[in-house]
Amino acid sequence: MNKKPFARMHPDCFEPAFNKAIEVFGDEKTALAWLQRESTALGGKAPWSLLDTASGRKQVCDELDRIEHGIVS
């Protein structure tokens with residue numbers, strides 16, 4: 001899996017969402033794939049592209065919470 005999109009991102013922006021995605025999806029490979037895939041629930045943007053702002057990180061973590069609880073957006 002390509003981690004290149006995350007290389008320039010500060011760890012404080014990326015790591016909480018990445019760790020939550022691993023928790024939700026069960027492994028690093030699936031978590032990275034989800035973070036890089038465009039999401040209808042996130043306005044057609046890939047989750048990683050939203051992690052550079054506090055509001056974007058909240059949107060991504062909220063979506064992960066919905067997925068974790070089986071709520072389809």
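Read-outs throughout are calculated quantities, based only on the coordinates presented, and are distinct from any laboratory measurement. Source: prediction; values computed, not measured. All Cβ positions, glycine included, derive from the backbone under ideal geometry; neighbour counts span all protein chains shown.
The Kirkwood radius of region 24-73, taken over pairs of alpha-carbon atoms, gives through the Stokes-Einstein law at 25 °C and 0.890 mPa s a diffusion coefficient of 225 µm² s⁻¹.
Where in the chain lies the longest segment free of trypsin sites (Lys or Arg not before Pro) that are both loop residues by DSSP (not H, G, I, E, B) and have at most 16 other Cβ atoms within 10 Å? Longest run free of exposed loop sites: 38-73. The spacing between region 11-35 and region 57-73, judged by their C-alpha centroids, is 12 Å.
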